[in-house]
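Asks: Below is the structure I would like to discuss, written out as C-alpha cells.
The values are calculated or read from the model by the stated rules, or taken from the named source; none is laboratory data. Predicted model only: the values in this text are computed from it and were never measured. All Cβ positions, even for glycine, are placed from backbone atoms using ideal geometry, and neighbour counts span all protein chains on display. Quick note on the areas: whole protein, heavy atoms, side chains included, nothing else; ligands and nucleic acids left out. Shrake-Rupley method; radii C 1.70, N 1.55, O 1.52, S 1.80 Å.
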Amino acid sequence: MPEKIRVIVNEDRCYLCGGCAGVCPTLAIEVHASDWEFFQDRCIGCRICINACPVGALSAEPLGVKE
Ligand code: SF4
Ligand code: SF4
C-alpha cells in the first residue's frame, strides 16, 4: 500500500489542461474551467498524476502524521 499523500497544485504553473485528472485511476482530481480540485478520500497515493503533469505543477505532502 503506497504512503498516503495529499496532492498539492502549484497554481502559478497549472494551466488546467486536465491531464492529471485523465490519468488518475480513482478520479481523485477534477479539473474545471477555472479550478483544480483534489478529493483526499479517493486518492490511493499512486503518484501517477505527479509524474504525468507536463509542467511539474503537482507535488505530494505526506499524510498520516497527526499533530
Ligand atoms: S496536468 Fe498539470 S497543468 Fe494539467 S491540469 Fe494537472 S496539474 Fe494542471
Ligand atoms: S496520487 Fe494517484 S490516486 Fe492520488 S490523485 Fe494522483 S493519480 Fe490520483
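Asks: Return the unpartnered cysteines for the chain, using a Cβ-Cβ cut-off of under 4.7 Å.
Replies: That list is Cys14, Cys17, Cys24, Cys43, Cys46, Cys53.
Asks: Follow-up. Just the number, please: carbon plus sulfur as a percent of the accessible area of the chain, 1.4 Å probe, no ligands or DNA/RNA counted.
Replies: Values: 2370 of 4510 Å².
Ligands and nucleic acids excluded, carbon and sulfur give 53 percent.
Asks: Arranged from highest to lowest average of other beta-carbon atoms within 10 Å per residue, in what order do the peptides 14-23, 29-38 appear? Show your work: numbers first, answer last.
Replies: Working: 14-23: 15.8, 29-38: 13.5.
Order by mean packing, descending: 14-23, 29-38.
Asks: Another question about this same structure. Taking only protein heavy atoms into account and a 1.4 Å probe, give the accessible area per residue of the chain in Å².
Replies: On the way: 4510 Å² over 67 residues.
Dividing the accessible area of the chain by its residue count gives 67 Å².
Asks: Let me ask something else about it. Helix-derived [θ] at 222 nm for the chain: sum -39500 (n - 2.57) over DSSP H runs of at least 4, divide by residue count, nearest 500? Walk me through the numbers before you get to the answer.
Replies: Numbers: 2 runs with 10 residues, N = 67.
The per-residue figure over the chain is -3000 deg cm²/dmol.
Asks: Now for a separate question. Can you compute 3J(HN,Hα) from phi for each residue in the stretch 37-52, using the Karplus curve 6.51 cos²θ - 1.76 cosθ + 1.60 with θ = phi - 60°, rounded to whole Hz and x for Gly and Pro?
Replies: Result, ordered by residue: 10, 10, 10, 4, 5, 9, 6, 9, x, 6, 6, 4, 4, 5, 6, 7 Hz.
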